[in-house]
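The values are calculated or read from the model by the stated rules, or taken from the named source; none is laboratory data. Bear in mind that the values here come from a model prediction, so they are computed numbers and not experimental data. Neighbour counts run over all protein chains shown; Cβ positions are idealised from the backbone, glycine included.
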Amino acid sequence: MLKNINSVKTKFLISGISILVILPFLILHYFNQPTPEDFFYPGIVKESGFLDAQNYFYKFWGGRISYYALTSYNPLYFYSISGYNVSAFLFFILFFYVLYLFISEFTKSILNQSERLLLLLSVFFLYLYSMPSVGQGFYWLGSVLNYHLPVIIIMLFFISYNRINIYESISRKTFYTSICFIAAISVAGFNELSAMVFSMSLILLFLKDYFIEKKINRYLLYMLVLNLFADYIAFSGPGNKHRSDLYVNSQEFYYSAYSSVEFIFQQLINWIFNSPVLAVTFLLIPVFFKIIKSDKQSLIFSIQPVFPVALLLLFLFTGTFIMLWSNGIVPYGRILNFLFFLFLTGWFYIMIVLLSYFNRKYKFAGYKFPGYTYAVAFLIILALLVKDNNIKTAYSDLISGKAQKFHNDLETRYSKIQNEISDSCIVDGLEEVPESLFFMDIDYVPTTVYNKGYQMYFNKKSIVQQRKVQ
């Protein structure tokens, strides 16, 4: 199969399938529109100034300092809705590109480019197919900055940290060390989940050096100290308590712990058996065999399988527990996206570790599965594409005209508001939001965050939605 992967016909087939999978998500960016909350943050900055706005967010909204600073100057600050769409599109491309760099960094000495691309497209296909909320993941810029950007930064950290140990050049070491320190400080300020994942990862790296390599990495220790200090600043923000008090079941340990275990178990069943992950994993076995047979293989794949399984479950549990403890509700949308991506990366790592473990015991890495088994796995994937999934939904939103109508309706709304002579404006609510996109509409009263965002952007005293007649 590895020979087939490198054949011209197979490359052409994989390229064609990849284009068909990714294309609708790219086109949907043209029809994307800001959700009203995105207008709010730059509006506050214009009204109060940057520093006062950040102080307000920290005191009354939460400790997500990095996120608030970035979203304060999203393209709507410059009155550019087109810039908003372009930014979301570029982050989509950046996520894809950094994921490729991340995979390549740890496999380029073992796999050729075609095999690395196959791994990349497999992970990205599964993510697009089953991610809980495509709209919050790729089209709502606020959510992209809040959750996908820290994922990108974490991947860049691991790439840079690996290169520190590879390159001898002082200038290169300094450059990559700087990236690591920036990541160590900034990730804590995006959201609690990414802060937890990153801090736990740094601790594990430090413990690996201390117990396995019998050394203390001073730079890693400095990074960890800075990261934990940044965590303290973020988690101790007065806005966290203010937000937590709004939820009934927040800060109840037993409820949070029990619900976390139950929730993670349900999600694992769903992610494994209601998606093509098993079929895709089977198709990738020849690639995994090549990794575990390589003389350049790192000891990272030669550990007991129980450790990565336990760590993945710990990461997923802790991420869910933090959400339940702070807000009293199970992870949703953008938070589930983060957990699902964490599951995918952990899943493929565990699969390689398992194969490596059993190969050491039974020496079967040279075994060749019959060709028809790969054909069956591929047919299973095609059959699952018929089921409801994000790829099918994206095509439906485009072909049915839902995305076009959504875009046109909001353009009409903007035009009406701008042409309204009065400082108060009433607009019609949207009939339908495409399932692939994300939109939280303004309310019937002018005091909500969503309405205030519109009001500051369009310089109106009041903008409300037309009440529907019962």
Are any residues in segment 412-470 assigned to a helix (DSSP H, G or I) and among the hydroxyl-bearing types (S, T, Y), and if so, which ones? T412, Y414, S415, Y450, Y454, Y457
For segment 47-64, give me each residue that is more than 24 Å from the chain's Cα centre (by Cα) and part of a loop (DSSP other than H, G, I, E, B). G49
Counting only residues in segment 271-326 that are assigned to a helix (DSSP H, G or I) and among the basic types (K, R), the one surrounded by the fewest Cβ atoms within 10 Å (Cβ to Cβ) is identified as K293
Flagged pairs (Cβ under 8 angstrom, 6 or more apart or on separate chains; first in segment 439-461, at negative phi and of a type in the set (V, I, T); second assigned to a loop (DSSP other than H, G, I, E, B) and surrounded by 18 or more Cβ atoms within 10 Å (Cβ to Cβ)) are I442/P36; T448/I442; V449/P36
Regarding segment 367-384, can at least one residue be identified that is buried (at least 19 other Cβ atoms within 10 Å of the Cβ) and at pLDDT 90 or above? no
Of the residues V144, V134, V123, which single one is without any contact (Cβ under 8 Å) to a residue 60 or more places away in the chain and crowded, with 20+ Cβ neighbours inside 10 Å? V144
